[in-house]
Structure formats: structure tokens, C-alpha cells
Amino acid sequence: MPEVRGTLREGMALRLAESEAVTDSRLMPNHRFPQWFAERSAAHDHAVRRVPFATLKGWRFDPGTGNLGHDSGRFFTVEGLRVRTDDPRHGSWRQPILNQPEIGILGIVVREFEGVLHCLMQAKMEPGNINLVQLSPTVQATRSNYTMVHGGRRPRHLEFFTGDRPVAVVADSLQSEHGHYFLRKRNRNMIVEVMDGPPEHEDFCWLTVGQLLRLLHQDNLVNMDARTVLSCLALADPAPGQDRAVRLLNWMTEMRTRHELVQTVVPLHDVPSWRRSADTVGRPDGRGFSIVAVEVAAASREVAGWSQPLLRVGARSLAALAVRRGVDGELLLLVHARQEPGLTDVVELGPTVQCVPDHERGLPPEQATRYLDRVLAMPAERVRCDVVHSEEGGRFDQAETRYLVVEAPDGFDEPLPDDYRWAPLDEVTALLRHSYCVNVQLRTLLLTLRNGLWPELHADRDLHRRNP
């Protein structure tokens, strides 16, 4: 556990707010960033190509179960999952699932320069990323990676998150990831402050919080790991919502008690309606996701080359959040107590709509995602945010999600199903203090609300000041 120096933590919420208000920096000026990022993207030889499963190095299908795993027994395995729910729209089914039981570290180092906190970010390659290189946290590493199971280098700057260097812990929480595709996966999300260091490296740069939030306007630039860590900035905010969140926690506990999610790991070859070919595990009708294999060359990574399976969604996902003002002016979010097959605790709080629209075609009305048509039909004047971000590039192949925030008209919520609720922004944000409560898609949308795409949302809060 990293050592905590309480004196560094004093006034952290205000200091982060001040960093949020600074939208340019001498350390990495805005006009310089595109050139730096392009140079880092082109500085190393990176290549990813699809290959047959038989050519994977160190990976193989188990002859008894059909599961796809690494010879070391580490990293992750592709297994089968039998799911039983009480949701009449879906009932029970079987599917492949990524089983990665180890806890990884996603961490951002912050340091004060010229009186302003800056975040240390890196230009990092992942094989499944759109454009391969995206802006990433200081450290993003699975346990298999940082214990060097691959035989390569130790991740740079890991010592700031493992107790080897004195730091002040700004935020530290376990958060889940993509419950539709991972079985109970979670990572440790950390933000730590240092007084000096780390040493400079050309693949890293210092950016203010305000600069980072502005970069979220750009498609496929700030990666998923960076977004989930940045959402934890709210943990430094001692807003009263952390007390009021008890109401939301009580509602979630009621949803978890009322609903059923039974997960049983089964052999991959016992998953009906899925077929394995020389280079794909997928459904013959092409619906849903599939498992593919890739060969990777990456001179900038801890090992220069490897091969691995990736999960391919095959179509763009949608995460949409309806918002409105309450009678007292506070911002309300229409959130969903959402069941997903791989979740740790039955339901997590998700956005109003979360689905793959292309996979909805042809579904009977009783199986269609609620509010999808209404969100997509919103007139332009009610769309407050519309941006595309990539998902987990270390496990997913070219997966991206359209993140949408819309201002709901009167009557949007009539009638409201039991598993939906209008919740104040401060209450939802306060749930980030708890593990397995806010799903990864909603965490990105919470960050989007913070980033000034709708600045009047926070006009009444000093903690969300911006430069004129």
C-alpha cells in the first residue's frame, strides 16, 4: 500500500478545481500537443494483424474444455458462462466470457508545477485501439504484466503505485469493467501526488485537468483506462452528496435483492450456437461479439512482440444518458440498475441506454433496449454531448462507443420502470467511493458532464470553475 502523507492531501478538492480551470500549460501547450502526440505515435514500429488461432504463441485451446488460455495460466482465459436471470426479456443463456481474475493497476501521478496540479499521461499503444496509440494513464498494467510473466520490462513508473515510493493518495478504489464481456473483472483505480519526479521520458507528458477534460471532446484519443481513473477525481470532492448517496445505495441494494443473477462457468465447447473456425469463435449468424487472434509488433511496449486473443464487438456501441433539472435546479440523471452477465453483484448503475444498436435490429419489441429509439430521435438542440471513445484496447479489437448526453423533455420518464431512477448528479458521483456500483460506461459519462461540454450544469458550484 502506498504511503500517505496527509499534508499533501490538504485542500485537494480545491487544488484539483484550480487545475480544472487551467486549460493551457507551459509544460505542454495546447498548440504543441497534437504535434507531440503525432510524433510519439509515429516514433515506434507498431503493427497488428489477424492470424489463425493455430499460430498464437503461448496460447492454446484446452482439448478437454475448449477454453482458450495462456500456457502460464496467467493473463486471461476465454471460457463459457451459463447465465440465469429473472429478466423476462432475456431469461437464461450461454456465452463466451473473458475470465481475468487478477486485479490490475490503473494509476495517474499528479504533481504541482507553478502552483497548478498536472497529471502525468503517456502515449501508449494497445493492439485493439483505434489508431493503436491513445492517451493513457501513467500506469496501466495487469498483475501478469507488472510481475513480468511475459519476460519483458517492468512497466515504467509502477513504483509510485506499489508502495516503493512515498506518495499522497488522492483516490484509490476498485472499479469494475465491461460486465457483458468480463467475468467479475476489476482494476485498482489510483491517483497519487508526488513532490518530485518521475524522471522525464519522451512518451509521457504533463497536462492539467482542464487540458485533459478538453481533450475528451476528441474522438478516440483519451483511452478507457485514463477515463475511468479521471472519473475518480470526484473522490477528492467532499461534497454533501456522499451523505445523500445513502438513498441511492438503498435503492441499489433493493434491486440486488429483488433480482436474480446466477453465473456458472462452463467449458467453452458447451456454449451452444457458437462455433470455432480457424480464426474466429462466434455465432454462425454473425450477431453479437466474437473472439479473434492477432499478432502484435510494438517496439514501445514491455515486450517488442506477442500474440493474443481479442474480443471483437463488430459494431459501435451506444451509452446514452438522459438528464434534466429538478424542481430545485439540481441536475438529475436517468440511471439504470443494470444487470450484466459478468457483474460481481447482480446490478450496477448504468446509463439510460447501453447497447449495440446494430445488434438490436430484428429483435421483438419486448427484447428491445428501453429508451433507445427516444434517445436517438432527440432533436439536435437537446443533444449536449456526442463523442466517440475507444474501449479496452488490451482485450477488445477496435471497440468504440458513442457517448451521448441528451436533455430530456417533459414526460420522457412516464411511466418509469422500477429499475430506472432519476438521481442527483452529486449522489451518483458519490457512489464512486464504493466498488461495483457505477459501471464503466456511466463513469465516462460522469466525466463528460464534468468536462465543460455543458458548462452551465456547474455554474452554481465553485469546484467547476472554468476560464472565460
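What is the gain in length, in nm to one decimal, between Arg156 and Arg258 on full extension, counting 0.36 nm per residue of separation less the C-alpha to C-alpha distance?
Here the answer is 32.2 nm.
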Legend entry - Euclidean distance of C-alpha centroids, the range 252-270 and the range 154-222, integer Å: 31 Å
Legend entry - Pairwise label distance in nanometres, Asn220 with Asp87, each label 7 Å out on the Cα-Cβ vector: 2.8 nm
Legend entry - Solvent-accessible surface (1.4 angstrom probe) belonging to Ile108, in square angstrom, nearest 10: 0 Å²
Legend entry - Estimated D of the range 272-420 in µm² per second, where Rh is the Kirkwood radius over Cα pairs and Stokes-Einstein applies at 25 °C, 0.890 mPa s: 137 µm²/s
Inset, instruction - Quantify how much of the Cα-Cα distance distribution of the range 363-424 extends past 16 Å, in percent. - result: 62 percent
Inset, instruction - Would you mind computing, in nm to one decimal, how far apart the modelled labels at Ala368 and Asp345 are, each placed 7 Å from Cα along Cα→Cβ? - result: 3.4 nm
Legend entry - Low-density loop cleavage sites - GluC sites (Glu not before Pro) in the range 138-240, where at most 14 other Cβ are within 10 Å (DSSP): Glu200, Glu202
Inset, instruction - Pop the C-beta distance of Arg325 and Thr147 into the FRET formula with R0 = 41 Å and round what comes out to the nearest 0.05. - result: 0.25
Legend entry - Segment Glu114-Ala278, length gained on full extension (0.36 nm per residue, minus Cα span): 53.4 nm
Inset, instruction - Kindly provide the Kirkwood hydrodynamic radius of the chain in Å, to one decimal, from all pairs of distinct alpha carbon atoms. - result: 22.9 Å
Legend entry - the range 101-144 versus the range 47-83: alpha-carbon centroid distance in Å: 27 Å
Inset, instruction - Please work out how much length the chain gains when fully extended from Arg433 to Ala54, using 0.36 nm per residue of separation minus the C-alpha to C-alpha distance, in nm with one decimal. - result: 132.0 nm
Inset, instruction - Report in % the part of the accessible area of the chain that belongs to carbon and sulfur, leaving out ligands and nucleic acids; probe 1.4 Å. - result: 48 percent
Inset, instruction - Kindly write out, for the range 361-371 in residue order, the coupling ³J(HN,Hα) from the Karplus curve 6.51 cos²θ - 1.76 cosθ + 1.60 (θ = phi - 60°), rounded to whole Hz, with x marking Gly and Pro. - result: 5, x, 6, x, x, 5, 9, 5, 6, 4, 6
Legend entry - DSSP bridge pairs, the chain: antiparallel proportion in percent, nearest 5: 80 percent
Inset, instruction - Give the distance, in whole Å, between the Cα centre of the range 399-424 and the Cα centre of the range 289-334. - result: 20 Å
Inset, instruction - Just need the Rg to Rh number for the range 104-166, please, alpha carbons only, Kirkwood Rh. - result: 1.02
Legend entry - In nm, spacing of pseudo-spin labels at Ala43 and Val388 (7 Å Cα→C-beta vector): 2.8 nm
Legend entry - Protection proxy ranking of 403-409, 208-214 - average other beta-carbon atoms within 10 Å, highest first: 208-214, 403-409
Inset, instruction - Work out from phi, with θ = phi - 60° and the Karplus expression 6.51 cos²θ - 1.76 cosθ + 1.60, the ³J(HN,Hα) of each residue of the range 88-101, listed in order in whole Hz, and give x for Gly and Pro. - result: x, 6, 10, x, 10, 6, 10, 7, x, 8, 8, 10, 10, x
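The values are calculated or read from the model by the stated rules, or taken from the named source; none is laboratory data. It should be emphasised that the depicted structure is a prediction, and the values quoted were computed from it without experimental measurement. All Cβ positions, even for glycine, are placed from backbone atoms using ideal geometry, and neighbour counts span all protein chains on display. When the accessible area is computed, the model is the full protein with side chains, heavy atoms only, and any ligands, DNA or RNA have been set aside. Shrake-Rupley method; radii C 1.70, N 1.55, O 1.52, S 1.80 Å.
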